[in-house]
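Take a look at the structure set out below.
The values are calculated or read from the model by the stated rules, or taken from the named source; none is laboratory data. Please read all numbers here as calculations on a predicted model, not as lab measurements. Here the Cβ is made from the backbone with ideal geometry for all residues, glycine too, and neighbour counts use every protein chain on show.
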């Protein structure tokens, strides 16, 4: 870039490119500001919608959080119970297979 800027025959081209770069940079800044503003507006609208939904459901936000926490805890307990049942069933099948194998081995000895 420095070589192009120092070359007198390309000096005008470098100046034009710098102006275009500055315009693009300014446009990028404007677009970024607009996108940020829209994201903030969407976030505010979502929060307002959540507050309205909470009021319409008859629960305040704290009660909703408590309800959601309870439901997550209940789902966790259910999953743990199901895993315990499956583990015990697998152990019972394994014990039964081992007993069958021992019985078969004893019958083979006779």
Seminar exercise, completed: Of the listed residues (50, 56), the one being at pLDDT below 90 and loosely packed, with under 10 Cβ neighbours inside 10 Å is 56
Seminar exercise, completed: Of the residues in the stretch 59-103, those that are at pLDDT below 90 and within 27 Å of the chain's Cα centre (by Cα) come to 59, 60, 61, 62, 63, 64, 65, 66, 67, 68
